[in-house]
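Just so it is clear, none of the values below were taken in a lab; they were calculated from the coordinates. Everything numeric in this text was worked out from a predicted model, so none of it was measured. Cβ atoms come from the backbone with ideal geometry, glycine included; neighbour counts cover every protein chain shown.
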Amino acid sequence: MMGSAPWRRAGAAFGLGLLAACSDGTASQSAQSETPAAPPASASCDLELFVLGAGQDAGAPQIGNSQDPAWQDPARQLFPVSLGVFDHKADQRYLFDATPQITAQLRAFDVHTGREEKGLHLDGVFITHAHIGHYTGLMFFGREAAGARDLPVYAMPRMSKFLRQNGPWGQLVDLGNIKLRELNDKAGVDLSGTLTVTPYQVPHRDEYSETVGYVIKGANASALFVPDIDSWEDWQVEHGIDIVQLVREVDYAFVDATFFDDNELPGRDMSEIPHPRVTETMALFADAPDDIRQRIHFIHYNHTNPIGDPASAETAQVLDAGFNIARRGNQHCL
Ligand SMILES: [Zn+2]
Ligand SMILES: [Zn+2]
């Protein structure tokens, strides 16, 4: 279940080709000694996971906010959360979530995986839920853009129904740009014999769809991806899943870090805003062994979250406590 030492690598940062906004930042926590160049097509890394975005749905800079430091500093730009998985042996590529920045993210994925010939070269897209940062990138598979043909889109039943029954998404289905593959809670999908993806339903404000996290399992390691959740406690109560136990069963855990603490949105009563705070998740794992804490990679941070700034005191606080912060450009072996 757990990878042996060579597989258990902390975030390795590397150049992002055309993406000037590579914020490898604190991925350098253990990777500073690594050359920031293209990743080696290592024979020992048959399955690779790439962080294509680590921000909350709207990314940064924020619409309508001229004061956002990301306008001035490309290193502060955030793409909405997305992961890419490349199975070298099966020559298959998958995306987790389709964001409004999918065009640039797919380009970064192409650069990472040396896929220069024209085309999408995607074998499937897994969707977590129907909030704007997680599925609206699907529109680029339609006739106005890529004009994809039968691209498998994996989604839960309610999410699938939402896509089928509402424009413009229904057109993607009707014209055969995408092909919906319905998922069931906790039922793993075997993609290539060595790559398995299992959805886990999580509590979230589900206006249009269920919300899931995924466990992405390769031959040597596995990753949990839970970008959005209301609370760890509700997950336990409503679905019987204990996050502390689950992190013990995976090698990497990319978890909701929308807000750092309750002081982040001045003038708003944050007790009414869900999402486990970064400080709260750190407290949950405070007594866990070092190697468990290291597995946690905070992701999906709001533009207000100070961990978005690799140079902030809060970033240092998280890293000093033994946790990781996911940054666009990170690569891991599964
Ligand atoms: Zn989100
Ligand atoms: Zn959401």
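Partners of LYS161 within straight-line reach, counting aspartates and glutamates whose Cα lies under 19 Å from its Cα and excluding those fewer than 8 residues away in the same chain: ASP97, ASP150, ASP174, GLU182, ASP185, ASP206, GLU207, GLU210. With contacts taken as Cα pairs under 8 Å and at least 6 residues apart, segment 171-328 reaches a relative contact order of 16 percent. Within the listed set SER82, SER271, SER312, the Gaussian network model of the chain (springs between alpha-carbon atoms below 10 Å) gives the highest mean-square fluctuation for SER271.
Per residue, the chain reaches -5000 deg cm²/dmol at 222 nm when only DSSP H runs of four or more residues are counted, each adding -39500 (n - 2.57).
Only Lys, Arg, Asp and Glu count, each charged at its Cβ (+1, +1, -1, -1), so figure out the dipole size of segment 46-333 about its Cα centre, rounded to 20 debye. Can you show the working numbers first?
On the way: 23 positive and 42 negative charges, 222 e Å.
Roughly 1060 debye for segment 46-333.
Between amide H atoms placed 1.01 Å from N, distances below 5 Å from PHE254 occur with LEU224, PHE225, VAL226, HIS297, all of them 5 or more places distant or on a separate chain. In whole Å, what is the distance between the alpha-carbon centres of segment 74-115 and segment 215-282? About 22 Å separates the Cα centre of segment 74-115 from the one of segment 215-282. Residues whose amide H lies under 5 Å from that of GLU210, counting only those 5 or more places away or on a different chain, are ARG158, MET159; hydrogens are built 1.01 Å from N in the peptide plane. Here's the list of aspartates and glutamates a cross-link from LYS217 could span, going by alpha-carbon distance under 15 Å and ignoring same-chain residues fewer than 8 apart: ASP46, GLU48, ASP87, ASP190, GLU249, ASP251.
Is the shape of segment 46-333 rounded, prolate or oblate, going by the alpha carbon gyration tensor and its root eigenvalues a ≥ b ≥ c, with a/c under 1.5 for rounded and a/b larger than b/c for prolate? Since a/c stays below 1.5, the shape of segment 46-333 is classed as rounded. Taking amide H positions as modeled 1.01 Å from N, with prolines and chain starts lacking one, the residues under 5 Å from HIS204 and 5 or more places away or on another chain are ASP230.
Short-range pairs are left out: with C-alpha atoms under 8 Å and at least six residues apart, the relative contact order of the chain is 22 percent. From the square roots a ≥ b ≥ c of the eigenvalues of the alpha-carbon gyration tensor of segment 67-162, which class results: rounded (a/c under 1.5), prolate (a/b over b/c), or oblate? Because a/c hits 1.5 or more and a/b fails to exceed b/c, segment 67-162 counts as oblate.
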